Amino acid sequence: MLKGAIARRYAGAIFDIAVKQNTLDQTLADVQEIARLFAIRKHAYLLREPNIPEQRKETAIRQGLASRVLPTSLNLALLVVQRGLIELMPNIARELHQLVLDYKNEAMAEVTTAMQLDAKQQDLVKIALERMTGKTILLETRVQPGILGGVVARVGDKVIDGSVERRLKSLQQQLLTGVATASIDFFAEAASEEALPSGDGSQPAYQPRT
């Protein structure tokens, strides 16, 4: 079975239990912490090493996690180690996170701007993305001066590129191909579309990447 499918199966199993026990947030935090610990080199070596007795591995896991995570989360950690799936723990954590987001009708949005957005601008971006997606948006922002202005937003596997850089490249392509001499007025079209606030105070077109 492909690793992705295995990770989804384990994530789905503990997700179902967490929903029934009303421990969704704590379970997600537990699984993310377990994934972090399993990724530490010395821990990964101990848990993968075939010459180390399974009982010693189980004891180490119980001592390290029993007082910090839910019993179901501890059982997941033990099962993953017993079945030699240590390297899949980060994948399980990511799959579980996505299940939780879907369950709550939420979505993570990575928003990139040329300059840091203030609180009001972040709120405007969040509202715009919520209208587009129909989900509650959890915003992560980062600054990348190279986009020149505007906003680039990634929500899941979708990218909404409203950057000045993209519009300049689009215009350059039109000039190179002769499209700019046709009836399409690029700037008029861009100005008429719904816009997101930019870090420099401008209102660039908000359009999906094609």
Roughly how big is the stretch 1-105's charge dipole about its Cα centre, with Cβ charges of +1 (Lys, Arg) and -1 (Asp, Glu), in debye to the nearest 20?
220
Solvent-accessible area per residue for the stretch 1-104 (1.4 angstrom probe, square angstrom)
59
Based on Cβ point charges of +1 for Lys and Arg and -1 for Asp and Glu, what charge dipole magnitude is obtained for the stretch 59-105 about its Cα centre, in debye rounded to the nearest 20?
160
How high is the FRET efficiency from Ala39 to Arg68, r the C-beta distance, R0 25 Å, rounded to 0.05?
0.95
Potential lengthening between Glu58 and Tyr103 on full extension [0.36 nm per residue; Cα-Cα distance subtracted]
13.0 nm
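The values are calculated or read from the model by the stated rules, or taken from the named source; none is laboratory data. In this text, all values refer to a predicted model and were calculated from it rather than measured experimentally. In this analysis, Cβ positions are derived from the backbone assuming ideal geometry, glycine residues included, and neighbour counts consider all displayed protein chains. Side chains are part of the model used for accessible areas, which takes the heavy atoms of the whole protein and leaves out ligands, DNA and RNA. Shrake-Rupley method; radii C 1.70, N 1.55, O 1.52, S 1.80 Å.
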